[in-house]
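Encoded as structure tokens, the structure appears first; notes follow it.
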Amino acid sequence: MVNYGYFVSDTLEKMNRNLLSLKYEMRSLHEKVDKIDEIIRNNTMNSNIELNKDASASDLFVSLNSDFPLEDENSLQTFENKLLDNSYRVQLVAELARYVRNTLPSTIRAMMRFLFKDSLLQEY
């Protein structure tokens, strides 16, 4: 005869093991989904920040380019006063970094061409 008590007990143990395995797998999947969600949120926030930076960078580019090249002593004095503002100076350095060339002399020529008109440089 078949021992039904043993059969039922063995079946319940197998079901219990399977349920526990499923429980741990579900928990693991839930943690992975949470991590993916966090990564997506961080990327979204970073892309929004980058979009804002791009917008402010284009505004900065327009405002910086409207100030240059310097044509006379008055514009040079105004420029020196603006350089006292640290944020303006940092933005100007970032803009001037775009003019870096392969050699130092060509870099200096490109930056000087951006910053000054020849008529102002002739006075110095």
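The values are calculated or read from the model by the stated rules, or taken from the named source; none is laboratory data. What you see is a predicted model, and the numbers here were worked out from it, not measured in a lab. Virtual Cβ from ideal backbone geometry, glycine too; neighbours counted across all protein chains shown.
Does region 84-96 contain any residue that is surrounded by 11 or more Cβ atoms within 10 Å (Cβ to Cβ) and touching a Phe, Trp or Tyr at 6+ places or on another chain (Cβ under 6 Å)? Break it down into steps so the answer makes sense when it comes.
So the first thing to find is which residues in region 84-96 are surrounded by 11 or more Cβ atoms within 10 Å (Cβ to Cβ), and the list is 85, 88-89, 91-92, 94-96.
Within this subset, residues satisfying the condition of being touching a Phe, Trp or Tyr at 6+ places or on another chain (Cβ under 6 Å) are none.
Looking through region 84-96, none of the residues is surrounded by 11 or more Cβ atoms within 10 Å (Cβ to Cβ) and touching a Phe, Trp or Tyr at 6+ places or on another chain (Cβ under 6 Å).
Listed here are the residues, each with its yes/no results for (1) free of Cβ contacts under 8 Å to residues at least 40 places away in the same chain; (2) among the hydrophobic types (A, V, I, L, M, F, W, C); (3) surrounded by 10 or more Cβ atoms within 10 Å (Cβ to Cβ).
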residue	(1), (2), (3)
Tyr4	yes, no, no
Val8	yes, yes, yes
Thr11	yes, no, yes
Asn18	yes, no, yes
Ser28	yes, no, yes
Glu38	yes, no, yes
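Can you pull out the residues in region 82-124 that are in contact with a Ser or Thr (Cβ under 7 Å, 6 or more places away or on another chain) and hydrophobic (A, V, I, L, M, F, W, C)? Steps first, answer last, please.
Step one: filter region 82-124 for residues in contact with a Ser or Thr (Cβ under 7 Å, 6 or more places away or on another chain), giving 99-101.
Scanning region 82-124 gives a single hit, Val100.
Just to be sure I understand the filter: pairs with C-beta atoms under 8 Å, separated by 6 or more residues or on different chains, first member in region 81-107 and under 17 Å from Pro69 (Cβ atoms), second member among the small types (Gly, Ala, Ser). Which pairs pass?
Once the first residue is under 17 Å from Pro69 (Cβ atoms) and sits in region 81-107, its partners that are among the small types (Gly, Ala, Ser) give Tyr99/Ala110.
Report, by residue number, each residue of region 97-113 that is part of a helix (DSSP H, G or I) and surrounded by fewer than 16 Cβ atoms within 10 Å (Cβ to Cβ). Show your work before the answer.
Filtering region 97-113 for residues part of a helix (DSSP H, G or I) gives 97-99, 104-113.
Ala97, Arg98, Leu104, Pro105, Ser106, Thr107, Ile108, Arg109, Ala110, Met112, Arg113 - these are the residues of region 97-113 that are part of a helix (DSSP H, G or I) and surrounded by fewer than 16 Cβ atoms within 10 Å (Cβ to Cβ).
If you take the residues in region 34-85 that are of a type in the set (Phe, Trp, Tyr) and modelled with pLDDT of 70 or more, which one is nearest to Phe116 (Cα to Cα)? I'd like the intermediate steps shown before the answer.
Of the residues in region 34-85, the ones of a type in the set (Phe, Trp, Tyr) are 61, 68, 79.
So of that shortlist, the ones also modelled with pLDDT of 70 or more come out as 68, 79.
Numbers: Phe68: 7, Phe79: 11 Å.
Checking each candidate, the answer is Phe68.
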